[in-house]
Amino acid sequence: MNGPLPPPGRELGHYVSDIPFDPKAEPGGAYLGMGSASQFRLTWLKFRRHRLALISGVFLLVIYGSLLITEFLAPYRLDSRNLDFIYAPPQRVHLFHEGQWVGPFVYGQTMRLDLDQLRRVYSDDPQDIQKLRFFCRGEEYRFWKLLPADLHLFCPAEGGRLNLLGTDRLGRDVLSRILHGARISLTIGLLGTMVSFVLGIVIGGIAGYRGGWFDHAMQRMIEVIQSIPSIPLWMTLAAIIPMSWSPLLVYLGITVILGMLDWTGQARAVRSKLFALREEDYVLAAELMGAKTPRIIGRHLLPGVLSHLIASASLSVPAMILGETALTFLGLGLRPPVTSWGILLTEARGINIVALYPWLLWPMLPIILVILAFNFLGDGLRDAADPYH
Amino acid sequence: MDILPTAPRDLLRVEGLSVSFPLHRGELRAVDAASMRVLPGRITALVGESGSGKSMTGLTIMGLQPAHARVGGRVIFDRGEGAAVDLMTLPRDGRQIRAIRGGQIGMIFQEPMTSFSPLHTIGNQISEALRLHLPVSAAEARARCEVMLGRVGFPDPGRVYSMYPFELSGGMRQRAMIAMAVICGPSLLIADEPTTALDVTIQAQILALIRDLQQELGLGVLMITHDLGVVANIADEVVVMYHGRVVEAGATETIFRDPTHPYLRGLIAAVPGLGERGRTRLRPLREIPADGIRDLARMGLQHAAPRRAAGPSRALISLRDVTKTFLPRHQSWGLLAPKPVPMPAVDHVSLDILRGECLGLVGESGSGKSTLGKLLVRAIKPDRGSIILDDGPSVIDLAEASGAELATLRSRVQMIFQDPVSSLSPRMTVGNILSEPLDIHRRGSAAERRRLVAALLQAIGMGEGAATRFPHSFSGGQRQRIGIARALALAPEFIVCDEVVSALDVSVQAQILNLLKDLQRELNLTYLFISHDLAVVNYMADRIAVMWRGRLVEIAPRDIIMQAPIHPYTRSLLAAVPVPDPARRLDIAAARMPAEKAELLWPEAFREAPGAPAELQDMGQGHRVRMRTSCRASAIPRTGAAR
């Protein structure tokens, strides 16, 4: 279809196409379907396309959901010990016994003290078949430390025992301790991030919109805080927490410490975003309407950066989890009987553990998985945060 | 002009070009079977509004379309000597296409700010372009670059060679860009909106430069633009695109003499012109009925009609000696650095804005017109001088107002912004955007606010359904209308319109201008209409003020400014406006002269010099011109129009 074209080099005639022209057709019709979609919805539509982030998000939702029913999921209580089985290795779940279907079961184990090597040697007893029970009555516990209950997702056979990830030096079930430790480790990340989030938004928001001396003072303060090596600083702050505090108070103290040291990055992000946004005409328009500073920050500026903030917050949760783990590992953070993943790893330090009882290193797996998931999620959120581009 | 090349050929022949993008469902056809050509040594203009696919056509010819685009059709590039190639068949990013791109086809873009790398000198980048394509030594490359820089109008090419892009103004950068595009001696130049970001006088210079180069080097040019004035002034042939398709094509004279397709006819009818023609009401492609505005008037947004009776009506706003200087950012470490001398953005401006009038304010970028607009809505405070708003029984000094006075001021004086994208909060629904001012000033109950929002939407030609939608779902023109409605919500009497149509397409521009006119008539509003486009100001304004380097140089009723301007700056502005009529082309010879040089040729009375105080002098009929106090106003001859 060479309608308007004459042969090469010849004079161009007057070509008029017969395409109809509808002056009523407004341009930009392609968007109309999404017209009343809020920013949240657009973000979701974009986020949904980021597979890895979506999977990570679902994974984290499941993990955090499981924190609500930890007691039900864990086969044992946090503090229940079995002195007959110290440093027992993980038991394998079998389905068939000598070629015959039995359903999930474990073999009972017998312990023999090897006096040459001075260690306990466990061996499966093929006659002792202990079938797993599901939705069963097992160890009694107090749900959320309030309701007495004894229902478990799965428990060992009557009179048997079940240590899928082995036991530690006091004969405690490692799996149950990981599940219980998740409560502390995962919430410390969220609480700490929330503290830093609020501090970051308030300080960064005022500094970014107002500028001037407040901004200068805050920038210098942030630089000072960021220039102090983090581990000695943690150690100092952790030393402030009195030894006499209850483990729960120590836990809160640690979250606040982590949050107070982490807000600097958040505040800088907010400040630099607001610096860019406050030049937008709609901010001037709001000023010309007579809007006051809190309204401009709250209604016009923050909604524009909130999605970015959530994304960056989700990236800072892993740092919090690692921070807690590191502090505790150094012996400065939480103390037993509170159990976190950091505590579990503290118990796993020492070369003989790695050599002889490697199953005590299992808490590393959930730490790695959760941190990876948060990073993927944060990545996806950051990409989706600005649906208008 | 009509000497055909010996062997008839097209330099560039685009046949049935299609570009489409896969979407969630179906596909978006950005360019749909478009055909066009460029003759050797001639200029073909590709005209269309935003979204018509004209820029995508240009990119695709160069093989620069986005990677996920699907393309079809043929693009035959023929430099003669029997070496025609179909650019579409060449491998993307292969050696052949790269040799042609930049070597035989040059390209210049709209945005002179971003098309140079900020980290390298101008000369470095131009000689890189040269040495990529031709085997020349560094010294030779430098020599050829300097010749070319001189050719595009730099008086001192050696110095420019080692300058960085940020040291050049937008127009100068565009010149350097052109030098880079033609340094390898291409036979085709693709220019994508090369003058859109520039002031009119600079635009005229660049157009003159492109014309000169085209004649001198025998360049074929594909000029992509939305500006019919530019087209009429420079093109030999015109191709009009609409929704990705070519709707009309022909020689420039034919197209403007006998526009046939309804779209092109509508487009031409929507362009405001200078002089008599500029006064008849424009016919936009989509007109907004004025009934909604009358409803708005009945809801109490109407102001008292100005007394048209004899005697001077009271000024709504009077400025006296208003000065505003922006200090460079304070550097605490710069104690040793020489202190830069700040230039006032607004320099002793005195001005009265009368009740019910539309005062046009024109000037080039950097003339201080936007700063003056911001001063008038108290977005910024003046350093010196007073701005008095006549508020019925009392008066408010804008410079000093605070507290309750400031709150009153906010509801009396509003602003409409240039950028329809940045002026609406993207996270709020249109309903919230429109009711927010009422919310802040605690006006009316929730139901009353909703009613007013509905009436405002009606007045700007939108249904109530728009209230629940977000700004991103509207086109630029629709967003601009929402911005207008927001400015009206508090029933202000005075509105500053800051370049309100410069980001819009011609067809939408006419609609917005008519809407503003209707609003002014029905609600008795007073406007300060800031624009760099004299044709638009001619259409809107009753009086026109001209600003130059922060100073008011001329102010007069519209017809006097348009037909008998006195100040040489006003004349140069008028002379540089491209009119969409091939019979009245720009004076190329006058446009060749850089503004700095032209200034030295002004009559002595208008030249600004230290020790030669100048002020606005009355010429009668409300016409005042800035000139040296040593000159008598009567000594200046009143001449006819510049054009």
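The values are calculated or read from the model by the stated rules, or taken from the named source; none is laboratory data. As the structure is a computational prediction, the values presented were derived from the model and not from experiment. When we count neighbours, we look across all protein chains shown, and the Cβ atoms used for this are built from the backbone with ideal geometry, even at glycine. Heavy atoms of the whole protein, side chains included, go into the accessibility calculation; ligands, DNA and RNA do not. Shrake-Rupley method; radii C 1.70, N 1.55, O 1.52, S 1.80 Å.
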**Message:** Show the residue pairs meeting these rules: Cβ distance below 7 Å; 6+ apart or different chains; first residue within segment B:419-433 and more than 7 Å from chain A (Cβ to nearest Cβ) and touching a residue at least 12 places away in the same chain (Cβ under 8 Å); second residue in a helix (DSSP H, G or I) and of a type in the set (Gly, Ala, Ser).
**Reply:** B:Pro420/B:Gly476; B:Pro420/B:Gly483; B:Thr429/B:Ala467; B:Val430/B:Ala466; B:Val430/B:Ala467; B:Gly431/B:Ala467
**Message:** Looking at (1) open to solvent by 20 Å² or more (accessible area, probe 1.4 Å); (2) closer than 29 Å to B:Tyr242 by Cβ; (3) polar (S, T, N, Q), which one does B:Ser52 not meet, given that it meets all the others?
**Reply:** (1)
**Subset of segment A:311-351 [at pLDDT 80 or above and open to solvent by 60 Å² or more (accessible area, probe 1.4 Å)]** = A:Leu322, A:Ile351
**Breaking point among (1) within 12 Å of another protein chain (Cβ to nearest Cβ); (2) of a type in the set (Val, Ile, Thr); (3) open to solvent by 10 Å² or more (accessible area, probe 1.4 Å), for B:Ile482** = (3)
**Prompt:** For segment B:243-270, what are the residues that are facing chain A (nearest Cβ under 7 Å), more than 18 Å from B:Val38 (Cβ to Cβ) and touching a residue at least 40 places away in the same chain (Cβ under 8 Å)?
**Reply:** B:Arg245, B:Gly266
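So which of A:Leu306, A:Leu288, A:Leu302 is within 14 Å of another protein chain (Cβ to nearest Cβ), outside any loop (DSSP other than H, G, I, E, B) and more than 24 Å from the chain's Cα centre (by Cα)? Explain how you work it out, then say what you get.
On the way: A:Leu306 fails: more than 24 Å from the chain's Cα centre (by Cα); A:Leu302 fails: more than 24 Å from the chain's Cα centre (by Cα).
So the residue among A:Leu306, A:Leu288, A:Leu302 that is within 14 Å of another protein chain (Cβ to nearest Cβ), outside any loop (DSSP other than H, G, I, E, B) and more than 24 Å from the chain's Cα centre (by Cα) is A:Leu288.
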**Message:** Let me confirm something: among A:Pro126, A:Pro148, which residue is free of Cβ contacts under 8 Å to residues at least 12 places away in the same chain and assigned to a strand (DSSP E or B)?
**Reply:** A:Pro148
**Prompt:** Looking only at segment A:215-229, which residues are surrounded by 12 or more Cβ atoms within 10 Å (Cβ to Cβ) and under 17 Å from A:Ala269 (Cβ atoms)?
**Reply:** A:Asp215, A:Met218, A:Gln219, A:Met221, A:Ile222, A:Ile225, A:Gln226
**Request:** Among residues belonging to segment B:445-474 that are more than 18 Å from B:Leu515 (Cβ to Cβ) and among the polar types (S, T, N, Q), point out the one that is surrounded by the fewest Cβ atoms within 10 Å (Cβ to Cβ).
**Result:** B:Ser445
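So that you can scan it fast, the table gives a plain yes or no per residue for (1) in contact with a Pro (Cβ under 6 Å, 6 or more places away or on another chain); (2) part of a strand (DSSP E or B); (3) not assigned by TED's automatic domain parsing to the domain that holds B:Ala197:
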{"site": "B:Arg29", "(1), (2), (3)": "no, yes, yes"}
{"site": "B:Glu49", "(1), (2), (3)": "no, no, no"}
{"site": "B:Gln65", "(1), (2), (3)": "no, no, yes"}
{"site": "B:Arg79", "(1), (2), (3)": "no, no, yes"}
{"site": "B:Thr114", "(1), (2), (3)": "no, no, no"}
{"site": "B:His120", "(1), (2), (3)": "no, no, no"}
{"site": "B:Ile126", "(1), (2), (3)": "no, no, no"}
**Asked** Has segment B:44-61 got at least one residue that is within 27 Å of B:Ala129 (Cβ to Cβ), in contact with a helix residue (DSSP H, G or I) (Cβ under 6 Å, 6 or more places away or on another chain), within 13 Å of chain A (Cβ to nearest Cβ) and not aromatic (Phe, Trp, Tyr)?
**Response** yes
**Prompt:** Which residues, taken from segment A:259-268, are buried (at least 21 other Cβ atoms within 10 Å of the Cβ), out of contact with any Phe, Trp or Tyr (no Cβ under 7 Å at 6 or more places or on another chain) and modelled with pLDDT of 85 or more?
**Reply:** A:Trp263, A:Thr264, A:Ala267
**Message:** Just the residues that are β-branched (Val, Ile, Thr) and at pLDDT below 90, please, taken from segment B:137-159.
**Reply:** B:Val152
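Every residue, every condition in (1) away from chain A (no Cβ under 11 Å); (2) modelled with pLDDT of 90 or more; (3) within 30 Å of B:Ala208 (Cβ to Cβ), yes or no:
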site: B:Val19; (1), (2), (3): yes, yes, no
site: B:Met36; (1), (2), (3): no, yes, yes
site: B:Asp78; (1), (2), (3): no, no, yes
site: B:Leu90; (1), (2), (3): yes, no, no
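Look at A:Val250 and say whether it is within 23 Å of B:Glu436 (Cα to Cα) and assigned by TED's automatic domain parsing to the domain that holds A:Val370.
It is false that A:Val250 is within 23 Å of B:Glu436 (Cα to Cα) and assigned by TED's automatic domain parsing to the domain that holds A:Val370.
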**Prompt:** What's the number of the condition B:Leu301 fails, among (1) open to solvent by 50 Å² or more (accessible area, probe 1.4 Å); (2) at pLDDT below 80; (3) within 30 Å of B:Ser411 (Cα to Cα)?
**Reply:** (1)
**Item:** Given (1) closer than 23 Å to A:Glu11 by Cβ; (2) buried (at least 24 other Cβ atoms within 10 Å of the Cβ); (3) aliphatic (A, V, I, L, M), number of the condition B:Ala181 does not satisfy
**Value:** (1)
**Fill in**
Listed by first then second residue, the pairs whose first member lies in segment B:72-86 and is closer than 14 Å to B:Pro40 by Cβ, whose partner is modelled with pLDDT of 85 or more and part of a strand (DSSP E or B), with beta carbons under 6 Å and at least 6 positions apart or on separate chains, are B:Ile76/B:Arg13; B:Ile76/B:Asp86; B:Phe77/B:Leu12; B:Phe77/B:Val85; B:Ala84/B:Ile76
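Being touching a Ser or Thr at 6+ places or on another chain (Cβ under 6 Å), on the phi > 0 side of the Ramachandran plot and away from chain A (no Cβ under 12 Å) is true for just one of B:Gly363, B:Gly385. Which residue is that?
Details: B:Gly363 fails: touching a Ser or Thr at 6+ places or on another chain (Cβ under 6 Å).
Result of the check over B:Gly363, B:Gly385: B:Gly385.
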**Request:** Could you check how many residues of segment A:285-309 are open to solvent by less than 30 Å² (accessible area, probe 1.4 Å) and without any contact (Cβ under 8 Å) to a residue 12 or more places away in the chain?
**Result:** 5
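In segment B:434-450, what count of residues is obtained for those that are more than 7 Å from every other protein chain (Cβ to nearest Cβ) and without any contact (Cβ under 8 Å) to a residue 24 or more places away in the chain? Spell out the reasoning first.
Step one: filter segment B:434-450 for residues more than 7 Å from every other protein chain (Cβ to nearest Cβ), giving B:434-435, B:438-439, B:442-450.
From what is left, the residues that are without any contact (Cβ under 8 Å) to a residue 24 or more places away in the chain are B:439, B:442, B:444-450.
So the count comes out to 9.
Against the definition (surrounded by fewer than 21 Cβ atoms within 10 Å (Cβ to Cβ), in contact with a helix residue (DSSP H, G or I) (Cβ under 7 Å, 6 or more places away or on another chain) and within 14 Å of chain A (Cβ to nearest Cβ)), how does B:Ile416 come out, yes or no? Give the steps one after another, and end with the answer.
On the way: surrounded by fewer than 21 Cβ atoms within 10 Å (Cβ to Cβ): no; in contact with a helix residue (DSSP H, G or I) (Cβ under 7 Å, 6 or more places away or on another chain): yes; within 14 Å of chain A (Cβ to nearest Cβ): yes.
No, not satisfied.
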